[in-house]
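Colleague: Below you'll find the structure I mean.
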Amino acid sequence: QVQLVESGGGLVQPGGSLRLSCAASGSIISLYSMGWYRQAPGKQRELVAAITRGGSTNYGDSVKGRFTISRDNAKNTEYLQMNSLKPDDTAVYYCNAEIMTSHYGSPIRYWGQGTQVTVSS
């Protein structure tokens with residue numbers, strides 16, 4: 001079994017910063033791409049950022065230049081540094097990761113439980 005546990009969400013004022021973490025644990029053979037999605041009330045889940053095992057990154061247009069995704073492969077952990085936060089960034093943030101739990105087959109995508117980020121004065 002695999003678990004993704006997020007931390008770091010909360011309430012922040014506009015212009016402020018938060019750092020989210022997501023730690024993967026369990027029967028992990030290999031961990032491939034990792035990423036963050038978010039879902040605001042009444043809206044579809046959207047990509048925030050993604051990072052490959054080698055460190056290549058991809059960002060949603062609305063967060064480019066403000067958010068930075070990173071990972072620590074030794075700790076099976078990814079991070080999302082969020083700066084210059086706006087009220088429109090308010091959402092539940094979900095981490096995900098593609099993980100091999102055996103030496104056969106294809107990676108499976110796992111999701112965290114979500115962490116609330118609220119940007120408000």
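Colleague: Just a yes or no: is a residue in region 109-116 at pLDDT 95 or above, in contact with a strand residue (DSSP E or B) (Cβ under 7 Å, 6 or more places away or on another chain), under 19 Å from G10 (Cα atoms) and buried (at least 19 other Cβ atoms within 10 Å of the Cβ)?
Modeller: yes
Colleague: While we're looking at this one, here's another question. Among the residues of region 75-119, count how many are touching a Leu at 6+ places or on another chain (Cβ under 8 Å) and free of Cβ contacts under 8 Å to residues at least 60 places away in the same chain.
Modeller: Adding up the residues that qualify gives 1.
The values are calculated or read from the model by the stated rules, or taken from the named source; none is laboratory data. These numbers were taken from a predicted model, which means no experiment stands behind them. Please note: Cβ atoms are built from the backbone with ideal geometry, for glycine as well, and neighbour counts cover all protein chains shown.
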